[in-house]
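The values are calculated or read from the model by the stated rules, or taken from the named source; none is laboratory data. Computed from a predicted structure; not experimentally measured. Every residue, glycine among them, receives a Cβ derived from its backbone with ideal geometry; neighbour counts consider all protein chains shown. Heavy atoms of the whole protein, side chains included, go into the accessibility calculation; ligands, DNA and RNA do not. Shrake-Rupley method; radii C 1.70, N 1.55, O 1.52, S 1.80 Å.
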Amino acid sequence: MRIKLIYTNCRYKSRTTDILGAALIIFVSILLSTPVKNGYAIPLQPSSSDQNGKVFVTYAGSLAKIFEEDLGPAFQTRTGYIYTGEGRGSLQVANMIIDGQRRPDVFVSAGTIPINKLINSTSSIKGKSSPDQGLVKFASAEIVIAYLPTGRFHADLDKAKKGLIPWYQVLSEQGFKFGRTDPELDPKGYYTVIMSKLANSYYKDDTIKQRVLGEDKNPKQLFPEETLITTLETGHLDAIAAYKHEAIARGLQYITLPAQINLGNPSFSNLYKTVTYNLPSGQMIHGEPIYFSVIIPNTYQNLMGAKAFVKFLLSPDGSSILQRDGLDRIKPVAQGQMTKIPFTGSTSR
């Protein structure tokens with residue numbers, strides 16, 4: 001039975017009501033309820049009620065090249081579903097879903113905070129019982145400094161890449177144009193701020209963050225997640241804060257940062273969380289290892305297709321695509337209330 005969600009114009013109540021009832025159904029449920037061919041859930045004859053087999057995926061903008069050129073087409077070829085995707089800053093995507101501006105079948109986020117924001121927007125409604133809600137972490141990432149091999153400062157950046165001079169010294173040179181995303185819209189934005197604060201401690205220099213970034217929301221440095229790399233590639237920036245997989249997927253040069261500050265090594269979790277960033281809402285974000293996570297929000301229009309996409313994303317073939325494009329794959333880990341959702345992997349709280 002399919003359930004249609006009906007929204008009213010009430011901003012704070014109706015738009016958030018029932019946004020996230022079905023969190024994520026994967027593995028066993030897919031095998032039980034979905035036709036399978038060659039190990040993948042497929043629609044043998046997609047019904048018109050399933051939007052003619054279309055699957056709408058919203059995702060972290062840093063995944064744009066991977067999803068649009070590799071993963072999405074591969075999913076479409078393997079399953080027969082029609083893939084459509086849209087990439088933006090993950091917090092921005094979460095806000096758009098909450099406000100009823102987007103109704104995706106699947107949401108893939110950088111970090112877990114944007115997805116948890118969706119969950120909390122439902123569970124905080126007075127008198128509304130919270131449904132089972134969960135997500136699955138499937139890949140890890142790290143912050144790097146990405147640049148063009150032909151840029152104005154490429155010679156100094158190359159030296160920093162080899163460890164001959166400090167990377168933060170190059171980024172703070174006069175006239176250097178550094179780009180990053182808005183920490184209020186995109187996790188990479190606040191991860192960059194947290195990274196720079198960790199750098200202050202790691203290098204025992206309290207001026208690094210201010211010299212490299214300036215204010216947290218320095219307007220000269222902030223660009224939309226979906227256009228940041230393009231701005232670099234067109235020569236309007238000298239370097240950007242990026243995830244390693246972005247640099248690899250786009251063929252960019254990049255400076256690897258110490259594991260103690262790049263947010264990519266779980267061994268330093270306790271160190272990462274000593275640094276925080278405060279969102280305008282008052283929420284305090286602690287530094288943490290960066291994990292990409294996926295959920296099927298209650299805005300889905302094609303549940304069968306959504307489950308098929310998650311199945312493919314977490315499959316060996318899907319993981320191989322992610323790893324080839326620079327993401328570090330991990331064994332999928334479920335997080336959240338999973339009492340009604342069959343899941344055969346490991347879980348965390």
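For every residue, the table says whether it meets (1) touching a Pro at 6+ places or on another chain (Cβ under 7 Å); (2) within 30 Å of S319 (Cα to Cα); (3) touching a residue at least 60 places away in the same chain (Cβ under 8 Å).
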{"position": "I194", "(1), (2), (3)": "no, yes, yes"}
{"position": "N218", "(1), (2), (3)": "no, no, no"}
{"position": "G235", "(1), (2), (3)": "no, no, yes"}
{"position": "A242", "(1), (2), (3)": "no, yes, yes"}
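Considering only region 126-135, I want to know if a residue exists there that is of a type outside the set (V, I, T), modelled with pLDDT under 95 and closer than 24 Å to E246 by Cα. For region 126-135, residues of a type outside the set (V, I, T), modelled with pLDDT under 95 and closer than 24 Å to E246 by Cα: present. Scanning region 238-258 for residues that are open to solvent by 10 Å² or more (accessible area, probe 1.4 Å), touching a helix residue (DSSP H, G or I) at 6+ places or on another chain (Cβ under 7 Å) and either among the β-branched types (V, I, T) or in a loop (DSSP other than H, G, I, E, B) (or both) yields one hit, P258.
So if I check each of F138, F67, F75, F56, which one is closer than 30 Å to P258 by Cβ and at pLDDT 95 or above?
Exactly one of F138, F67, F75, F56 is closer than 30 Å to P258 by Cβ and at pLDDT 95 or above, namely F67.
Meeting the requirement of 1 or more residues that are open to solvent by 10 Å² or more (accessible area, probe 1.4 Å) and free of Cβ contacts under 8 Å to residues at least 60 places away in the same chain, the strands (runs of 3 or more DSSP E) wholly within region 281-336 are 284-286, 328-336.
Looking at N262, is it within 22 Å of L63 (Cα to Cα) and assigned to a loop (DSSP other than H, G, I, E, B)? So N262 fits the description; yes. When you scan region 59-67, do you find a residue that is open to solvent by 50 Å² or more (accessible area, probe 1.4 Å), among the hydroxyl-bearing types (S, T, Y) and closer than 22 Å to P224 by Cβ, even just one? Among the residues of region 59-67, not one is open to solvent by 50 Å² or more (accessible area, probe 1.4 Å), among the hydroxyl-bearing types (S, T, Y) and closer than 22 Å to P224 by Cβ, which makes the answer no. If you take the residues of region 143-188 that are touching a His at 6+ places or on another chain (Cβ under 9 Å) and closer than 30 Å to H286 by Cα, which of them is surrounded by the fewest Cβ atoms within 10 Å (Cβ to Cβ)? Residue satisfying both the conditions and the ranking: K177.
Among the residues making up region 269-280, those that are open to solvent by 50 Å² or more (accessible area, probe 1.4 Å), over 16 Å from L185 (Cβ atoms) and not hydrophobic (A, V, I, L, M, F, W, C) are N270, K273, T274.
Among all positions in region 307-329, there is at least one residue which is within 23 Å of A64 (Cβ to Cβ), at pLDDT 90 or above, among the acidic types (D, E) and out of contact with any Ser or Thr (no Cβ under 8 Å at 6 or more places or on another chain). Here's a check for you: in region 75-97, which residue that is part of a helix (DSSP H, G or I) and under 17 Å from the mean Cα position of the chain (by Cα) is surrounded by the most Cβ atoms within 10 Å (Cβ to Cβ)? Only one residue fits best here, namely S90.
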